[in-house]
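Q: Attaching a single structure in structure tokens format; questions to follow.
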Amino acid sequence: MSLLTKVFVVLLSVFSIAFTSLTTAFVAQTANWKETAQKYKEHAQIADTNLRHAFAANAAEQATLWDNARQLQRRIGELEAEVQAARTDVAQVRADLAQAQSEKSSVEAINRGLLAQLQVAETARAEYQRQRGDLEQRNIELERRSVDLSDRVNELTAQLAVMLEQSRQYEQQIHILRAENEKLSQAGGGGRPIAFESPAGASLPGVTAVTPVSATAIRGRVMNVEGELITLSVGSADGVKKGMVFVIHRNGNYVGDVQVSAVEPNQAAGRLVRSADAPSVDDLATDAVWLAGSRP
């Protein structure tokens, strides 16, 4: 029952009581007014009872409505608290979203930097692989040259052993010839012994002579040029010694001077100490000491 209905019922009850009172007053003026008054009084009492019941029901319903209103107000407070909490959560979520977007931007920037570094690293790795390939190729070439040099060393070692044996045999022959020379000198009346020339280096390719066999110049040619390192075709077997200087010339024109720093039996190597032109393979090389001594 709504509040308007309750008000209507109350007003109806009041009008009923008023109308009953008026009717009772009016009927009391007529005949049988006592009986009529008694009837109306009973009706009034019934109406009053109904009105009291209506008031009681209205009060109970009003109390119920107040309880419902208080519950609704409490629920509204709870909902407002939940709405406030939801707003706080939304604000926190928005802050987290903004932070996440900022972190995303930072991560993207870091990712771009890492990609750039990766590209640089890939370029460096490709360059390193290329250099490694070059080094491996050079290592293979050096190993091949090392094998060739080992073979050459073995060959020269064998030649040295043969030469040492030949040198020992020549020394024995020289000793025998000197002994026979002394005997012949003593038997012939005590003359001066015949002097024998030391044959060291003579007719022995690869043996370094103590003194030059002849006073001719040591001549050779350029076998290899690597920067300032020059390899000559003459060696210790030709009388070349460490520290000697050779003049490089081409078609009668001066090219440069090479000072010997390493000597082998059949070749020598040294550095270019002075130059007027770049040496090349097959240029001629002549002993500088002989050239200086042959000038007038």
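Q: What are the radius of gyration and Dmax of the range 219-294, computed over its Cα atoms and given in Å?
A: For the range 219-294, the Cα radius of gyration and maximum Cα-Cα distance read 10.8, 31 Å.
Q: What order, most packed first, do the peptides 278-286, 134-142 have when packing is the mean number of other Cβ atoms within 10 Å of each residue?
A: Result, highest mean first: 278-286, 134-142.
Q: Now for a different question. Give the peptides 242-254, 105-117 in descending order of average Cβ contacts within 10 Å, highest first.
A: Taking the mean over residues of other Cβ atoms within 10 Å, the ranking is 242-254, 105-117.
Just so you know, all these numbers are worked out from the coordinates, no wet-lab data involved. What you are looking at is a predicted structure, and each value in this text was computed from that prediction instead of being measured. Because the Cβ atoms are built from the backbone with ideal geometry, glycine has one as well, and the counts that use them run over all protein chains shown.
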